[in-house]
Ligand code: URA
């Protein structure tokens, strides 16, 4: 397969951009710089763009799952509880979840067989926005909202500024949407607990520009080309 087609099929960019990257010296095959646009990629060739190994679409699987509550985000569970892998059992490639959602959290979970992509998405330096919808117990006062926005101590770690929108306020519950930029264990639950509101329901609705949309609970879809290109953009910084 021609080099530019191979790069484009990994969702990194268009073929034209792939040619430009090749001319710029950003592409290596089997560790060697390749500037020849007509290069034919052979089976077994390892292609790197900007220092990262890429996988063409044929080998790479990136899916978006709407995880229901009551599933463990793990490839297997010693206690034999249902895992997210039970929901993607018909995918033959060896995919694994990127990051983790709690047993009781629902929503957007990415699964892939691309280790580099997984590392990129979870690496703190990229500060990828994760958007959650939460129902919390009680009223969320302005003072608490201000604290959450500024950053709160969740036990040895102060969260970076979060974005928070109150969607609905009732007498005994508040519905909010919150954007966080780290991925600490049980972060959103711990953030609300730190200001005195218990999270009752939690759903992740977006990871960066990848949106859960109308995907039904327990269902999955393949990422779109636009989503793959967006991930390619982030990984190139
Ligand atoms: N924050 C949490 O508290 N739980 C999740 O599952 C994800 C983020």
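Where a number appears in this text, it was derived from the coordinates with a stated rule and is not lab data. None of the values given here were measured: they were computed from a predicted structure. Here the Cβ is made from the backbone with ideal geometry for all residues, glycine too, and neighbour counts use every protein chain on show.
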>> Kirkwood hydrodynamic radius, computed over distinct alpha-carbon pairs, for the chain: how many Å, to one decimal?
In response: 19.5 Å
> How much length is gained if the chain between residue 53 and residue 125 is pulled fully straight, taking 0.36 nm per residue apart and subtracting their Cα-Cα distance, in nm to one decimal?
Replying inline: 24.0 nm
>> Give the separation of the Cα centroids, the range 1-25 to the range 68-140, in Å.
In response: 30 Å
>> Pick from 82, 92, 56 the residue whose mean-square fluctuation is largest in a GNM of the chain, springs joining Cα atoms under 10 Å.
In response: 92
> Is any residue of the range 89-120 close enough, with backbone N under 15 Å, to a label point placed 7 angstrom from the Cα of residue 211 along the Cα-Cβ axis, and if so, which?
Replying inline: 108
>> At a 10 angstrom cut-off on C-beta neighbours, averaged per residue, how do the peptides 197-207, 150-160 rank from highest to lowest?
In response: 197-207, 150-160
> Roughly speaking, what % of Cα-Cα pairs in the range 14-54 are separated by over 15 Å, rounded to a whole number?
Replying inline: 31 percent
> On full extension of the chain, what length is gained from residue 16 through residue 185, given 0.36 nm per residue of separation minus the C-alpha to C-alpha distance?
Replying inline: 56.8 nm
>> Binning at 5 angstrom from zero up to the longest distance, how are the C-alpha pair distances of the range 1-93 distributed in percent?
In response: 3, 13, 21, 17, 9, 8, 10, 10, 7, 3, 1
>> Once you place label points 7 Å from the Cα toward the Cβ at residue 86 and residue 157, how far apart are they in nm?
In response: 2.8 nm
>> I need the calculated FRET efficiency for the pair residue 165 and residue 201, taking r as the beta carbon distance and R₀ as 25 Å, to the nearest 0.05.
In response: 0.95
